[in-house]
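The values are calculated or read from the model by the stated rules, or taken from the named source; none is laboratory data. If you're wondering where the values come from, they're calculated on a predicted model, not measured in any experiment. All Cβ positions, even for glycine, are placed from backbone atoms using ideal geometry, and neighbour counts span all protein chains on display.
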Amino acid sequence: MLQVTRHFSRKALAELLRLALPMVVSQGTFAVMIFTDRYFMSQIDPVHMAASLGGGVASFFSFCFFIGLLGYANAMAAQYLGAGEPEKCPKVVTQGLVLTVMSTPFLTLITFLVAGIFEGMGHEPEQVELERTYYLILMSGVLFTLAKTCISSYFAGIGRTRVVMICDVFGLVMNVPLSYAMVFGKFGFPALGIVGAGISTVIATLLALLLFVAFYLHKEHREKFAVLDSFRLDTRILRRFWRLGFPSGLELFLNVAAFNLFLLMFQSYGVAEGAAAAIVFNWDILSFVPMIGLHLGVISLVGRFVGARDMARGNEVMTAAVAVALAYGLVLATLYITFRFPLVDVFAPPSGDFSAIRQLSAWMMIGLSSYVLADAVILVSGGILRGAGDTRWLMVASVTLHWLMLVAQFFIIQVLKLSPKVSWIALVIMILAIAVVYAWRLRQGRWRDPEVLERVMAE
């Protein structure tokens, strides 16, 4: 069995933070975009806010398989870089874009099918129409989103996370004022409401993608990685991309499907309950998405050490990442408990009775404190295992547990007709259980066995 160093390494921590902090900022921009749009919707009425949640989660569900698949460009580029084969890194991008083009007919079919699900979830007719409209607009820009995912994951994999940060911050700077103008009819724009929120998101995504392409084709990067020689089909890399990325994509798709079906079922309790869920998950996203930055940094570093066959350093990264994640989770948990009412009140509409939504949201924020700690463990553990290529185990374990959660929620909400508080407690318990299983796999150590790693690197 491969021997690894288990002591805490300041060097590993510094290297992780160097890569991860720009990604934290980058992922934070995504959280701020969602948070801002939903805040704008809350200023119209609770129905618009609930619709932005329903339409938003439905759109992500529709393309999340491809996000998971193309996001594996991070680990693959890092593995090739660690193996001393930098010329293969941009070939990952080319194969990823091939997969993006191939996804078009599937995405068209998915959009058609998902657009009809809102009526069957027991939502109010007004909410259904707003959800469908928002969903269709977001899906119109899905190819921009997928191409951006592929190229940004590549830059993360080769360690150029500042490029990712710059491009995503640029997208945020474009999105927020444009969304404000198009939602409320400012600066000469008509007041488009939720339509304006969707259009501004698509435009901002396209502009960020174009900036990524500019960095990719820049002379310095182009020459260092032989970019111009990479624009051709490489079936070996394409097969490896599919072999390792497919479990990640399927895992994300099935997990998001389970979670989104839970959210849609939870909204069947009523508009107040749906609005409360939207408020709580807004704060969850704002805290969760930056953690994805650490997750992506871990994937990049572990992937690089897998390519270099240096798992002693990989273990040091694991120790540093777990320490950072737990510290972050503890801080957030404390804030969510202590300031739960002020945090909920941010989303109070200008008029109308907010008391029922306020009380339920504040109560759910207490559960969110445990939720964020579990998320920290899940994201760090998942990042390490994904960077090491342990994607099949992740798929089986994660999908099994998430769908058990969904079955439990179906009985709680639809069959037994229990209260939303019981549903929320059950969700928090299940997320904690997933964190325990991930931590067990990490501690088991099979992911760093030399024979396993050789199979991961095989083309």
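What the table below lists for this structure:
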| quantity | calculated |
| --- | --- |
| From Ser26, Ser52, Ser59, residue being surrounded by 23 or more Cβ atoms within 10 Å (Cβ to Cβ), farther than 24 Å from Thr108 by Cα and of a type in the set (Ser, Thr, Tyr) | Ser26 |
| Any hit, the stretch 101-110, residues being in a helix (DSSP H, G or I) and closer than 26 Å to Asp229 by Cβ | yes |
| Residues being among the aromatic types (Phe, Trp, Tyr) and under 22 Å from Asp45 (Cβ atoms) - total across the stretch 169-218 | 3 |
| Exclusive hit being over 30 Å from Glu451 (Cα atoms), buried (at least 16 other Cβ atoms within 10 Å of the Cβ) and not aromatic (Phe, Trp, Tyr), set Met311, Met318, Met395, Met405 | Met405 |
| Odd one out for Ser419, checked against (1) small (Gly, Ala, Ser); (2) farther than 23 Å from Gly293 by Cα; (3) in contact with a His (Cβ under 9 Å, 6 or more places away or on another chain) | (3) |
| Residue list for the stretch 334-347, filter: in contact with a helix residue (DSSP H, G or I) (Cβ under 7 Å, 6 or more places away or on another chain) and in contact (Cβ under 8 Å) with a residue 24 or more places away in the chain | Tyr336, Ile337, Arg340, Leu343, Val344, Phe347 |
| Filtered residue count, the stretch 336-360, keeping only those that are modelled with pLDDT of 90 or more, crowded, with 16+ Cβ neighbours inside 10 Å and either touching an Asp or Glu at 6+ places or on another chain (Cβ under 9 Å) or closer than 30 Å to Ala397 by Cβ (or both) | 4 |
| Residue in the stretch 324-373 that is nearest to Phe35 (Cα to Cα), counting only those that are among the polar types (S, T, N, Q) and touching a Ser or Thr at 6+ places or on another chain (Cβ under 8 Å) | Ser369 |
| Failed criterion for Phe347 (all others in (1) touching a Lys or Arg at 6+ places or on another chain (Cβ under 9 Å); (2) assigned to a helix (DSSP H, G or I) hold) | (2) |
| Identity of the residue in the stretch 171-191, surrounded by 18 or more Cβ atoms within 10 Å (Cβ to Cβ) and closer than 16 Å to Leu130 by Cβ, that ends up nearest to the chain's Cα centre (by Cα) | Ser179 |
| Candidates Thr205, Thr133, filtered to the one that is in a helix (DSSP H, G or I), buried (at least 18 other Cβ atoms within 10 Å of the Cβ) and of a type in the set (Val, Ile, Thr) | Thr205 |
| Tally, over the stretch 138-164, of residues that are crowded, with 22+ Cβ neighbours inside 10 Å and assigned to a helix (DSSP H, G or I) | 18 |
| Qualifying residue in the stretch 369-377 (condition: crowded, with 21+ Cβ neighbours inside 10 Å, within 21 Å of Leu432 (Cβ to Cβ) and touching a His at 6+ places or on another chain (Cβ under 6 Å)) | no |
| First in the stretch 10-39 and touching a residue at least 60 places away in the same chain (Cβ under 8 Å), second anywhere and surrounded by 21 or more Cβ atoms within 10 Å (Cβ to Cβ) and outside any helix (DSSP H, G or I), Cβ under 9 Å, 6 or more apart | Arg38/Phe347; Tyr39/Phe347 |
| Condition check for Phe66: at pLDDT below 90, within 30 Å of Glu129 (Cβ to Cβ) and in a helix (DSSP H, G or I) | no |
| Unique residue being crowded, with 24+ Cβ neighbours inside 10 Å and in contact with a Lys or Arg (Cβ under 9 Å, 6 or more places away or on another chain) when the list is Gly383, Gly387 | Gly387 |
| In the stretch 192-202, residue nearest to the chain's Cα centre (by Cα) [restricted to those that are in a helix (DSSP H, G or I) and aliphatic (A, V, I, L, M)] | Val202 |
| Residues being outside any helix (DSSP H, G or I) and in contact (Cβ under 8 Å) with a residue 12 or more places away in the chain - total across the stretch 111-130 | 5 |
